[in-house]
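Enquirer: Encoded as structure tokens, here's the structure I'll be asking about.
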């Protein structure tokens, strides 16, 4: 049975490109993937990774099972604190003003690759408990999508270990969570009611837009190869409203070339189309411009 890290690295370098993934994105999280691959070999009764590679070469139905092993599930509430602060201080007030003038008055947010719900629920808390809460008369809808059924079941239960909440502001934790009988911290219903979850694979699916804010962090632009990144970016932008914002992970970059996006002057990976809406026009002089290549859907 495979135990050596170098054996798994060699296997992943061979297998990941065949699934549309890139090895550099997996370098630091490979042990999570290797543990799952090891369990898969045990279930199949295979002796080593070479035997598994031979099975994959002759059985195309095994590739989706390997794809399941390659899903990284590391997340927590309020991850990358500064991004949430900028969203709450600068971006949401402008989106509120746009929403108030629309029919119906509503702000829509999409969390792509939402995992167990930490990101969309953080958004829900920001709208309710942040420095500039959702104004009266404006509704919200938050859609979380992921291709992992188990993770989505966890998201709908909305019960988390203490470690998942460690970055949340203490006041938010006191107001929004209560310990359940099993010791987990459960999100109270009023804070979860505007959030829904869909089983979707970003590589080929998206919820119906448009959205005012799209969060796609630490997924497409970390793990997917360049062609898949381009297709995903096209899908994300196709579902982004004309004055909407796209947030990616703090250590991610967008594919180069093609149309330009306006980067928030904070330098955070928060992007919008130029000259769309009064807030964007106001900050255009301060913002950085980033070129992105748009692939076919």
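Enquirer: What length, rounded to one decimal in nm, is gained on full extension from residue 100 through to residue 6, with 0.36 nm per residue of separation minus their alpha-carbon distance?
Expert: Details: separation 94, 0.36 × 94 = 33.84 nm, distance 5.58 nm.
This chain segment gains 28.3 nm when fully extended.
Enquirer: Right, another one. With 10 angstrom as the radius, rank 18, 106 by how many other C-beta atoms surround their C-beta, starting from the fewest. Let's see the in-between values first.
Expert: Values: 18 11, 106 15.
Ordered by Cβ neighbours within 10 Å, fewest first: 18, 106.
Enquirer: Oh, and also: Residues in the range 105-132, backbone N under 19 Å from the label point at residue 188 (7 Å along the Cα-to-beta-carbon vector): list them, ranges by number please.
Expert: 121-132
Enquirer: In whole Å, what is the distance between the alpha-carbon centres of the range 164-230 and the range 1-37?
Expert: Using only Cα atoms, the two centres lie 26 Å from each other.
Enquirer: Okay, moving on. Return the Cα extents of the chain along principal axes one, two and three, sorted largest first, each rounded to a whole Å.
Expert: Principal axes ranked by extent give 62, 53, 29 Å for the Cα atoms.
Enquirer: I'd like the orientation of helix 49-58 relative to the chain: the angle between its Cα long axis and the longest Cα principal axis, in ° from 0 to 90, rounded to 10.
Expert: Once rounded, one gets 80 degrees.
Enquirer: A further question on this structure: In a Gaussian network model over the chain where Cα atoms closer than 10 Å are linked, find which of 42, 205, 252 has the largest mean-square fluctuation.
Expert: Most flexible of the set in this elastic network: 42.
Enquirer: Still on this structure, I have one more. When only C-alpha pairs under 8 Å and at least 6 residues apart count, what is the relative contact order of the chain, in percent? Walk me through the numbers on the way to the answer.
Expert: On the way: 482 pairs, mean separation 45.7, N = 297.
Taking the mean separation of contacting Cα pairs over the length of the chain, I get 15 percent.
Enquirer: Something else now. Order by neighbour count: 102, 243, 163, fewest other Cβ atoms within 10 Å first, most last.
Expert: Details: 102 12, 243 19, 163 9.
Ranking 102, 243, 163 by Cβ neighbours within 10 Å, fewest first, gives 163, 102, 243.
Enquirer: While we're looking at this one, here's another question. Relative to the present Cα-Cα distance, how much length would full extension add between residue 73 and residue 141 at 0.36 nm per residue of separation?
Expert: On the way: separation 68, 0.36 × 68 = 24.48 nm, distance 2.39 nm.
Full extension of this stretch gives 22.1 nm more.
Enquirer: Mind pulling the angle between the C-alpha long axis of helix 118-129 and the longest principal axis of the chain? Nearest 10 degrees, somewhere in 0 to 90.
Expert: Between helix and principal axis, roughly 10 degrees.
Enquirer: May I have the pair-distance distribution P(r) for the range 111-225, computed from all Cα-Cα distances with 10 Å bins from 0 and rounded to whole percent?
Expert: Per 10 Å bin, starting at 0, the Cα pair percentages come out as 13, 45, 33, 10, 0.
Enquirer: Using a 10 Å cut-off around each Cβ, can you sort 191, 264 from fewest to most neighbouring Cβ atoms? Walk me through the numbers on the way to the answer.
Expert: Values: 191 19, 264 22.
Sorted ascending by nearby Cβ count, the order is 191, 264.
Enquirer: Over the residues of the range 24-106, compute the C-alpha Rg and express it relative to 2.2 N^0.38 Å.
Expert: Numbers: Rg = 22.0 Å, N = 83, 2.2 N^0.38 = 11.8 Å.
After normalising by residue count via 2.2 N^0.38 Å, the value is 1.87.
Enquirer: Would you calculate the convex hull of the Cα atoms in the range 5-69 and tell me its volume per residue in Å³? Mind dumping the intermediate values first?
Expert: On the way: hull volume 5.1 nm³, N = 65.
Cα convex hull per residue, to the nearest whole number: 78 Å³.
Enquirer: May I pose another question? To the nearest 10 degrees, how steeply does helix 226-238 sit against the main Cα axis of the chain, on a 0 to 90 scale?
Expert: 30 degrees
Enquirer: I would also like to ask the following. So between residue 260 and residue 13, what do we pick up on full extension, going 0.36 nm a residue minus the alpha carbon distance? Write out the running numbers ahead of the final one.
Expert: On the way: separation 247, 0.36 × 247 = 88.92 nm, distance 3.26 nm.
Between residue 260 and residue 13, full extension yields an extra 85.7 nm.
Enquirer: Using a Gaussian network model of the chain whose springs link C-alpha atoms within less than 10 Å, name the residue from 25, 117, 45 with the highest mean-square fluctuation.
Expert: 45
No value in this document is a laboratory result; all are computed from the given coordinates. Quick caveat, the model's predicted, so the values are computed rather than measured. Neighbour counts are summed over all protein chains in view; Cβ atoms, including those assigned to glycine, are modelled from backbone coordinates with ideal geometry.
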